[in-house]
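Each remark here refers to the structure printed beneath this line.
The values are calculated or read from the model by the stated rules, or taken from the named source; none is laboratory data. Bear in mind the structure is a predicted one, so any value in this text is a computation, not a measurement. Here Cβ is always computed from backbone atoms with ideal geometry, including for glycine, and neighbour counts include all displayed protein chains. These accessible areas exclude ligands, DNA and RNA; they are computed on the full protein's heavy atoms, side chains included. Shrake-Rupley method; radii C 1.70, N 1.55, O 1.52, S 1.80 Å.
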Amino acid sequence: MVFLVSFILVLFIIVEIAAIALKITGMDLHKARFQALSALVTVGYTTSDSELVVQHPARRRIIMVLMVVGYLGTATMVTALINILQHPLTLIQVASAVGILLLTVSLLSSQRFRQKIDKGIEQRLSRNQSLRKRTVEEVLRLDRQYGVAEVILKENNDLVGQTIASSKIRDKGIFILAIERGQNFTHSPRGGEILQLGDKLIVYGKISSIHELSYPKAT
């Protein structure tokens, strides 16, 4: 009996660890807990949120581990229940199991304790680079040499009146991500797009080149 109660508690701890791991990959913690528990008990996993898992390699690995643990856990608990039915429990065993259960429930009901445990788990799991969600800066590799900026085209800018392709702006190491023109916002503009006076360009590239684009030298 003590073993069965302890084993169930271990499963809940495994679910919490998996939920924190899913959170590190970018999932909402509440959704992560539901997905982790669903994978462990193999019930309710066919929800729309499951698409957030299957489309992410690290999340798929976490869920696969939970499914295996859930299968083995079910077999273990069935075996333990059979042993309990075959061998009468002593008063000490029942009291020990109830004591462990009450102590665990008391600890888990403490919000401060849960937050401390979750924080500790998250700090340890965050060291795993395969789980960590990359920031925008990491994806774009922003540093002292590269960055994202806004550039407003003024009268003295040579880009005015040219298409993106003819301006050869990419040869300077600059990519136009979007153009804001009045109330219109164009994502990923094509090379044939004509740049106009007053356009606000969202660009990515070398900071030095972006600075030259923002403040062209007078001719």
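Quick grid of which residues meet (1) open to solvent by 70 Å² or more (accessible area, probe 1.4 Å); (2) modelled with pLDDT of 70 or more; (3) under 16 Å from Phe12 (Cα atoms):
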| site | (1), (2), (3) |
| --- | --- |
| Val43 | yes, no, yes |
| Ser48 | yes, no, no |
| Val54 | yes, no, no |
| Arg59 | no, yes, no |
| Val65 | yes, yes, yes |
| Gly70 | no, yes, yes |
| Thr79 | yes, yes, no |
| Ser96 | no, yes, no |
| Gln115 | yes, yes, yes |
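Do any residues in the range 61-83 that are more than 21 Å from Ala19 (Cβ to Cβ) have Cβ atoms under 8 Å from those of residues that are open to solvent by 80 Å² or more (accessible area, probe 1.4 Å), where the two are at least six apart or on different chains, and which pairs are they?
Going by the 8 Å Cβ cut-off, the qualifying pairs are Ala80/Phe3.
Any idea which of Val151, Val105, Val139 is open to solvent by less than 70 Å² (accessible area, probe 1.4 Å) and either modelled with pLDDT under 90 or hydrophobic (A, V, I, L, M, F, W, C) (or both)?
Val151
Are any residues in the range 13-25 touching a residue at least 24 places away in the same chain (Cβ under 8 Å) and open to solvent by 40 Å² or more (accessible area, probe 1.4 Å), and if so, which ones?
Those that are touching a residue at least 24 places away in the same chain (Cβ under 8 Å) and open to solvent by 40 Å² or more (accessible area, probe 1.4 Å): Ile14, Ile17, Lys23.
Report the residue count in the range 171-196 for those that are open to solvent by 100 Å² or more (accessible area, probe 1.4 Å) and within 15 Å of Asp158 (Cβ to Cβ).
Looking only at that region, the number is 2.
With respect to the numbered conditions (1) at pLDDT 90 or above; (2) of a type in the set (A, V, I, L, M); (3) open to solvent by less than 60 Å² (accessible area, probe 1.4 Å), which one is the sole condition not fulfilled by Ile121?
Of everything listed in (1) at pLDDT 90 or above; (2) of a type in the set (A, V, I, L, M); (3) open to solvent by less than 60 Å² (accessible area, probe 1.4 Å), Ile121 misses just condition (1).
Could you tell me which of the residues Ile174, Ile179 is more than 30 Å from Ile20 (Cβ to Cβ), modelled with pLDDT of 90 or more and touching a Pro at 6+ places or on another chain (Cβ under 6 Å)?
The conditions single out Ile179.
Of the conditions (1) open to solvent by less than 90 Å² (accessible area, probe 1.4 Å); (2) modelled with pLDDT under 90; (3) outside any loop (DSSP other than H, G, I, E, B), Ile202 fails just one. Which one is it?
Result: Ile202 fails condition (2) only.
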